[in-house]
Amino acid sequence: MNIIASKPPMVAQAGSVSLEPALSLIEVSKAYGEAYALKHATLDFFPGEIHAIIGENGAGKSTLISAVAGVVPRSAGEIRLNGNPIDKDASIDGIRKAGVAVVFQHPALLPDLTVLENLQLVSDEFSGTAGRGKAEKLLAMVATDHLRVELGQRVDTLTLARKHVVEIARALAGDPKVLFLDEPTEPFQAQDVEKLFSVLRQVRSRGVAIIYVSHRLHEMQQIADRISVIRDGEIVDSRPASAFTTKEIVTLIAGRPIDQVFPPKAEQAGATVLAVDNLSGDGFAGISLHVAAGEIVGLTGVEGQGQREFIRALAGLQSRGSGTITLNGAPYGTGVNAARAAGIAFVSDDRHAEGLFSELTIQANVGAGLMKTLARWGLVRGADERDSASAIISDMNVRAEGTQSPILSLSGGNQQKVLVGREIATRPKVLLADEPTKGVDIGARSEIYRKLRAISSDGVGVVVAASDGIELEGLCDRVLVFARGRVVRELAGDEVTDHLITGANLSATGLRETKTEPVEAPVKWSRLLGGDHFPIAVLALLTAAIIFATSRASEFFLTELSIQSMIIFMAILTIVCLAQLCVVITGGIDLSTGPLMGLVVVSASYLLPDSLEPAQLVLWTLLVLAGATLFGLLQGLLIVGLRLPAITATLGTFVGLQGMSLLLRPTPGGSIAMGLADGFSAMFLWVPLAAWLAIGLALLLELVLFRTDFGRRLRAVGSDPDQCQRIGVNAGRMSVISFTLSGFLSGLAGIILAGQVGMGTASAGVDYTLMSITAVVLGGAAVTGGRGSFLATMAGALLIQSTISASSFLQADTALQYCIVGVLTLLAAGSFSLVRHRKAG
Amino acid sequence: MSGSVLSARKLPLPGLSALNSTVGRASLAVVVLLCIGGVAAPSSLSSTALLSMLPFAAMLAIAAIGQHIVVQQRGLDLSVAGVISLSAVLVTLLPGVEAGAWSVALYVLLLIAVGMVAGIVNGLFVTIVRLPPLVTTIGVNAVLIGIALVASGGVPSKAPTVLSSAIIGKTLGIPNTLYVAALIACASIGFMNVSVWGRKFVAVAANATAAHALGMPVTLYRIGTYAAAGALYAIAGVLLAGFLSTPGLFLGNDYILWTVAAVVVGTNSIGGGGQGSVMATVIGAFFLTYLSQLVLGLGFDRSLQQIIQAVIIIGGVALTGLLNPNRA
């Protein structure tokens, strides 16, 4: 892909700061409607320089990265790489190949793929044995010993810190010229941060332009050559790191002197409201905390030290173990309802995921949290609900048209004000706020701080979990520093400063330098149970048992003729199941497989009549097959192009194709060439040709899935299409290909079926849709995509077909077949789901 | 990403306010279709034609409301076919043709309970076992159809006379089925808008995680949704059995697509969420029923009807995606 204009690239001089910028942003803006996430940003990034960009949460740092990396298209402005302009709609992949790599804050990794496969997805240098060694070396370079990562581990089994290690390795793969890092140290301990910095210095000496984005001031001052400050989407200043004083940067970040942002602190604390003694739970242990009226207590720590788990446990959103919590002297039970009933209110750190009902109005968002007070006789008093909403709008100074405005029409800051206002309106005894100003502009922050201080003086206990030292310093009377699930330092009064908080974080984590993170080795048998190929053994055993039992019950079952027929039907079912898995592995579903087979049978009754010469028969067969493939392609294009949900779209074609078949053959008729049946049942090494075909296809697809780049991409798309987009794997294209494959394979299955049916019957294939889904599920594939095995799916198909064949020999009617297939689906899918979730949970 | 935080979404098509609401769009579709029908086959708008169509529309609407609530909870329910078939089969088998009104009523209540049980099984698999709704309801559907076939022995039977005459009958010139559908539609619309449970239902549909953080029993609501849907399908099944008198064994199969299509024609987004409109789905049911009658009236057969349905469902989903600004 040619994203760079024809001008030859400058050769950067390694090791020295060249005068030509490696990357230039000229007046780059990103607007969403009226609001600017990034406004006229102009910056130069030089080779061999570490350029830090600092700003609050939501200041526009991540938007800047996304705009450069092509994750979101910029609205205006120019971006130049080595002096050559990058197209506005250049693909992510193209930009990456041109030398821009990003370490994302939320690692862009595919959870169902292994560490090695994730690396292989972005660069082909890691294939083969030599590539394996290369990958190992790269990971060893990035990680300290206690964050060692095995190449064969699936990413979803890694801790957050280890995922970050892989993410950094992924970005370094392929020797980028420009390297972005978005909050790379968030889950890291002191020694890991040191390790990363030494890696960055090494990379810098190779002449790479490094852009380091963070809100951690002390880290940037340690590593950066140049610092730029971003606020509300604008670059407000940019200087060599040494030309800034800490105080200057802090004022620039906030946009005004700190004492104007934060309300004055409490004079003195009142009676204890919340008393937590020796509380333990998932992720924290032995925590004691007493919060008095009039006091705001901060909880902090490096990401993942238990502070979040602790505050969520207080809110009843996470389990807690031993220890006591009392609210004004009275304990409360576990669970959200008990906590809320006792007088605990909670503001989540993730506004979109856990706070807002984004499709609803302001009033409905407020009402959802106040149901208890608004209800009478099971009905919601609408007038009271409206009044509560208006009260919050005026009280919190929310800029909104009215209570009926959609909550999404508000800016992030105003949305957050509504949420904080709603929690305050529940008249809590204690308000817990997890990162209450994340993604909130400075005006709204100031307002939220004042409100928190105001309710605190009114006697409400306030606990705030935050990672920003400046925020903690300005807002809190006391700060508890967490490390490894324990409180390691308590700062009060004059000690509550950004400097001391940072110091406490580092020394606290530093103490445990020698301790290694536990290597999470899953218990062997459960790894086996969760493995992709485990189902094969179980399914094969069950199939054998059914065949054996039936042969004992009916002497006709194992005659040559019936075996041969069963094997051919097994082949047909296997092939259509392979088709289904092609789509399922990418996270889709194809309900049209069965009716497509039916339409192929009907077409065969016209196009492949008995009168054809063998050569003609082959030709026309291939044409029918091409038609089915074309249908798959069109269906894929339709679904991807119009962004239709695969379920509904293929439900449509499921019926549409049946209609077509019925239109062509209202009643069964037309005889299909005998050559078709003879050809596919011709014996070859004691087994019909159709069976060899099915086995060959299953093996081939399995090989492709697990051994090739194409297969990795298929699984990647099913594993997480959003991450695929960020690393430049074209999810849409893979989807179209999977539907095309499905069309081809269903067509092939239909052709073999046509030979067996012998005449055009509109309803011939319909049942195969259900059976193909069942087999895929039996084979242990994740119906949500990303995981599956063609061989295991084949084993599933064998079990289903042997069950059906057996039941017809045992004189069981079709009714029982329905029941058996249904129960099999539920049992198989259910047990796989339970095993996997137990492992994950 | 901070992008979505900042984006102040505007509603599309500012000039045409009717198109901004799901009910408005669905109504417009019906009006356009009625106009086409009036021109192409004027007889399809005669009172006889409409009166013969309305009961089917009403019965579809009831089942479609069931599908609607499941879809709004971000699910999909293919077991609609199984529940309709099973309840239709059982109502023809259990009470007997000559059964009295009270005995029939009792059995109908029993069948509604059966539908709820099927729904609860769906709900348990989706919530506790965490199976995707599609797989769950495909499996449960197959089991239900199997049971219906076993119970009937493969032979359709006749519904109780009392039931048939009550269902086919009219009150004040309007088919009784219409009253049942109207009652259910109004009850569910009122439920969602003013009752505490209904409002929580909407909240859980809009954002289950946020609802959980506010102490709402998300799992219970999800299971309850499937149970209520099962009950509605059972009611539709009983009505169909009574109306058709001798219902076919695979009576319910068409209703998978029909109910989903009604939800889609109501331009409710298939991803679900907080914005669904039951009214729009009911209008969608009337749209589909009239359309299929029109197609038959114009002399086309069942096969073409299926193809048209396919086009409608795909087109409808595509259109919803284009018109709905909140879809990611």
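Looking at the structure I just gave you, is residue A:139 among the hydrophobic types (A, V, I, L, M, F, W, C), buried (at least 17 other Cβ atoms within 10 Å of the Cβ) and either in contact with a strand residue (DSSP E or B) (Cβ under 7 Å, 6 or more places away or on another chain) or more than 26 Å from residue A:21 (Cβ to Cβ) (or both)? Working first, answer last.
Numbers: among the hydrophobic types (A, V, I, L, M, F, W, C): yes; buried (at least 17 other Cβ atoms within 10 Å of the Cβ): yes; either in contact with a strand residue (DSSP E or B) (Cβ under 7 Å, 6 or more places away or on another chain) or more than 26 Å from residue A:21 (Cβ to Cβ) (or both): yes.
Criteria met by residue A:139.
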For the stretch A:369-424, which residues satisfy the criterion of being loosely packed, with under 15 Cβ neighbours inside 10 Å and either in the same structural domain as residue A:446 (by TED's automatic domain parsing) or among the small types (Gly, Ala, Ser) (or both)?
-> A:378, A:382, A:383, A:391, A:394, A:402
Within the stretch A:757-788, can you find the residues that are more than 17 Å from residue A:800 (Cα to Cα) and either part of a loop (DSSP other than H, G, I, E, B) or charged (D, E, K, R) (or both)?
-> A:758, A:761, A:762, A:763, A:764, A:782, A:783, A:784, A:785, A:786, A:787, A:788
Scope the stretch B:134-175; condition buried (at least 24 other Cβ atoms within 10 Å of the Cβ), facing chain A (nearest Cβ under 9 Å) and more than 16 Å from residue B:250 (Cβ to Cβ); matching residues = B:135, B:136, B:139, B:140
Residues of the stretch B:26-63 being among the small types (Gly, Ala, Ser), assigned to a helix (DSSP H, G or I) and farther than 17 Å from residue B:241 by Cα, which ones?
-> B:26, B:27, B:29, B:37, B:38, B:40, B:43, B:44, B:47, B:49
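Does the stretch A:176-210 hold any residues that are of a type outside the set (D, E, K, R), in a helix (DSSP H, G or I) and within 15 Å of residue A:146 (Cα to Cα), and which are they? It would help to see each step written out before you state the result.
Just the residues of the stretch A:176-210 that are of a type outside the set (D, E, K, R), to begin with: A:176, A:178-181, A:184-185, A:187-191, A:193, A:196-200, A:202-203, A:205, A:207-210.
Within this subset, residues satisfying the condition of being in a helix (DSSP H, G or I) are A:190-191, A:193, A:196-200, A:202-203, A:205.
Result: A:190, A:191, A:193, A:196.
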Looking at the stretch A:674-686, is at least one residue out of contact with any helix residue (DSSP H, G or I) (no Cβ under 7 Å at 6 or more places or on another chain) and in a strand (DSSP E or B)?
-> yes
From A:453, A:486, A:422, A:478, which residue is over 29 Å from the mean Cα position of the chain (by Cα) and under 24 Å from residue A:361 (Cα atoms)?
-> A:422
Counting only residues that are at pLDDT below 80 and within 14 Å of chain B (Cβ to nearest Cβ), give me the strands (runs of 3 or more DSSP E) lying completely in the stretch A:1-73 with at least 1 of them.
-> A:23-32, A:35-45
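When residues of the stretch A:577-600 are filtered for being within 20 Å of residue A:759 (Cα to Cα) and either over 29 Å from the mean Cα position of the chain (by Cα) or of a type in the set (Asp, Glu) (or both), how many remain? Break it down stepwise before answering.
Within the stretch A:577-600, the subset within 20 Å of residue A:759 (Cα to Cα) is A:593-600.
Keeping just the survivors that are either over 29 Å from the mean Cα position of the chain (by Cα) or of a type in the set (Asp, Glu) (or both) gives A:594-600.
Of the residues in that region, 7 qualify.
Which residues, counting only those in the stretch A:88-129, are of a type outside the set (A, V, I, L, M, F, W, C), in a helix (DSSP H, G or I) and touching a residue at least 12 places away in the same chain (Cβ under 8 Å)? Explain how you work it out, then say what you get.
Step one: filter the stretch A:88-129 for residues of a type outside the set (A, V, I, L, M, F, W, C), giving A:88-89, A:91, A:93-94, A:96-97, A:99, A:105-107, A:111-112, A:114, A:117-118, A:120, A:123-125, A:127-129.
Adding the requirement that they be in a helix (DSSP H, G or I) leaves A:93-94, A:96-97, A:117-118, A:120, A:124-125, A:128-129.
If the condition is that a residue be of a type outside the set (A, V, I, L, M, F, W, C), in a helix (DSSP H, G or I) and touching a residue at least 12 places away in the same chain (Cβ under 8 Å), then A:93, A:94, A:96, A:97, A:117, A:118, A:120, A:124, A:125 are the ones that fit.
Counting only residues that are over 35 Å from the mean Cα position of the chain (by Cα) and either not in a helix (DSSP H, G or I) or not β-branched (Val, Ile, Thr) (or both), how many does the stretch A:238-259 have? Before the answer, list the steps.
Taking the stretch A:238-259 and keeping what is over 35 Å from the mean Cα position of the chain (by Cα), we get A:239-248, A:251, A:256-259.
This time we only want the ones that are either not in a helix (DSSP H, G or I) or not β-branched (Val, Ile, Thr) (or both), so: A:239-245, A:247-248, A:256-257, A:259.
Qualifying residue count, the stretch A:238-259: 12.
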Residue list for the stretch A:331-353, restricted to those being closer than 15 Å to residue B:207 by Cα, at the interface with chain B (Cβ under 8 Å from one of its Cβ atoms) and surrounded by fewer than 20 Cβ atoms within 10 Å (Cβ to Cβ) | A:352, A:353
Among (1) assigned to a strand (DSSP E or B); (2) surrounded by fewer than 22 Cβ atoms within 10 Å (Cβ to Cβ), the one test that residue A:451 misses = (1)
If you take the residues in the stretch A:383-412 that are outside any loop (DSSP other than H, G, I, E, B) and within 7 Å of chain B (Cβ to nearest Cβ), which one is farthest from the chain's Cα centre (by Cα)?
-> A:409
Conditions (1) over 23 Å from residue B:99 (Cβ atoms); (2) more than 18 Å from the chain's Cα centre (by Cα); (3) surrounded by fewer than 21 Cβ atoms within 10 Å (Cβ to Cβ); number of the one not met by residue B:178 = (2)
Residue pairs qualifying under the 9 Å Cβ cut-off, at least six apart or on distinct chains, with the first in the stretch A:398-410 being under 18 Å from residue B:203 (Cβ atoms) and the second being at pLDDT below 80 and part of a helix (DSSP H, G or I), are A:408/B:4
Candidate set: the stretch A:646-691, residues that are among the β-branched types (Val, Ile, Thr) and within 14 Å of another protein chain (Cβ to nearest Cβ); chosen: the one surrounded by the most Cβ atoms within 10 Å (Cβ to Cβ) | A:650
Output for the stretch A:276-330, where each listed residue is within 30 Å of the chain's Cα centre (by Cα), of a type in the set (A, V, I, L, M) and not in a strand (DSSP E or B) | A:302, A:311, A:313, A:314, A:315, A:317
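Kindly evaluate residue A:783 against the criterion of being under 20 Å from residue A:112 (Cβ atoms), aliphatic (A, V, I, L, M) and within 11 Å of chain B (Cβ to nearest Cβ). Show your work before the answer.
Values: under 20 Å from residue A:112 (Cβ atoms): yes; aliphatic (A, V, I, L, M): yes; within 11 Å of chain B (Cβ to nearest Cβ): yes.
Yes, satisfied.
Of everything in the stretch B:268-302, what is of a type in the set (Gly, Ala, Ser) and at pLDDT below 80? Give them in sequence order.
Quick first cut of the stretch B:268-302, residues of a type in the set (Gly, Ala, Ser) only: B:269, B:271-274, B:276-277, B:280, B:284-285, B:292, B:297, B:299.
B:269, B:271, B:272, B:273, B:274, B:276, B:297, B:299, listed by residue number.
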Tell me, please, whether a residue that is at pLDDT below 85, closer than 30 Å to residue A:656 by Cβ and aliphatic (A, V, I, L, M) can be found in the stretch B:205-214.
-> no
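The values are calculated or read from the model by the stated rules, or taken from the named source; none is laboratory data. Keep in mind the model is a prediction, meaning the values are calculated, not measured. We place every Cβ from the backbone using ideal geometry, glycine too, and count neighbours over all the protein chains shown.
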